[in-house]
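Only one structure is covered here, and it is reproduced in the block below.
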Amino acid sequence: MDRDLVEAARGGDREAYVDLIRTRSDRLFSIAQRILRDIDRAEDALQDALVIAWRDLRGLRDPDRFDAWLQRLLINVCIAQATRERRRTANLRVLPIDGPAAPDELLSVADRDLLERGFRRLPPDQRAILVLHHYLGYEPSEIAETLGIPAGTARSRLHHAHRAMRAALEADARTIVSGGRPA
Amino acid sequence: MTHDRDIERVLGQWLGDGPTEVPDRVIDVVADRIGRQSQRPAWRFPRRELHMPTYPRIAAALAAIAIVAIGGLYLFGQPGGSGVGGPTATPSPSPSAISTPTASPTQLSSFTFTPRVLVQAPAGWSVDGDGLRSVGLKPPVGASGPGAGSILVMSGPFVDVADADCDNRPAVGVGASSAELVAAFSSDPTVTTT
């Protein structure tokens, strides 16, 4: 069924394309929001990715690969947007603006704040790797397929992302202990 | 929370929280935007490159340079040039719509495509599509007749994919060596090859 919709969309059928993306938009939005940590920017990234996907849909050779292709495109848009944002706000303190998270018995507000700041310190491509692994539950081989990189590279990048996250948390903890303001 | 296992444990939990539904207006905006956005034709997308060892790749690049050299000589429009392919070479009909004796030549150059392509072309010719894998040279608008076709220089062979939207087809039976390419040009009656 979806293959038919993809084929129709490739042929220029806009309604088919909207039907296609409507069933995928929640999942894609969730991924974008996790990488960008901002609802408005996630919406913008999703819109841009979906318009680019429409424009370039005829470049997709295998309709069965539509989901993986679209997901990769979205992640690339998110990484590009986050990279631009990091350059722009390099000297600004970024505050969480998503509102209070749902209460959870295991993660304290302080823990969440710490994670938020640590995560935002990571380069966008490392954020994306962590979201793919910890949010979508992808194994390195699936990450590799999604990002179009070798499996060994995906494993290595995941390892580095974990290490970077730990370093970011440790740096944040040191800043707080020494009485400074968190970045 | 800075131990590896702790980080991996809490990351999954922390990332799991947050919004999971996109507002309908986002899709409405996309539907509106694609209403004004046309799709790029399939032939605009680069073909998948064949996996080639380094030396054949260099040979292919040299062959591409040979095409440019031949194309450049052709664009100079030397009617008295002798055919490389021997007596089978035929002088091009003269004068064509793109090569007039009074037109001043234009220097065309690629910037993205490497190795850099530098061609002195008749007035009105321009670079059309300067990419990583190919650079195109196109004649002036309205040019017609023999020799008015575009020239595409590619850095290597690509997998040819059947595509209904693409009416361009590679020349059949032309090898990738310099000699074979020169011979192919020489056999084309619309091209003066020197």
For B:F111, B:F45, ascending order of other Cβ atoms within 10 Å (fewest first) is B:F111, B:F45
Inverse of <1/r> over all distinct C-alpha pairs of region A:125-171, i.e. the Kirkwood Rh in Å, gives 10.5 Å
Would you list B:V135, B:V153, A:V77, B:V29 from fewest to most Cβ contacts within 10 Å? B:V29, B:V153, A:V77, B:V135
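Values quoted throughout were computed directly from the atomic coordinates according to the rules given, and no laboratory measurement underlies them. All values reported here derive from a predicted model rather than from experimental measurement. Every residue, glycine as well, gets a Cβ built from its backbone with ideal geometry; the counts of neighbours run over all protein chains shown.
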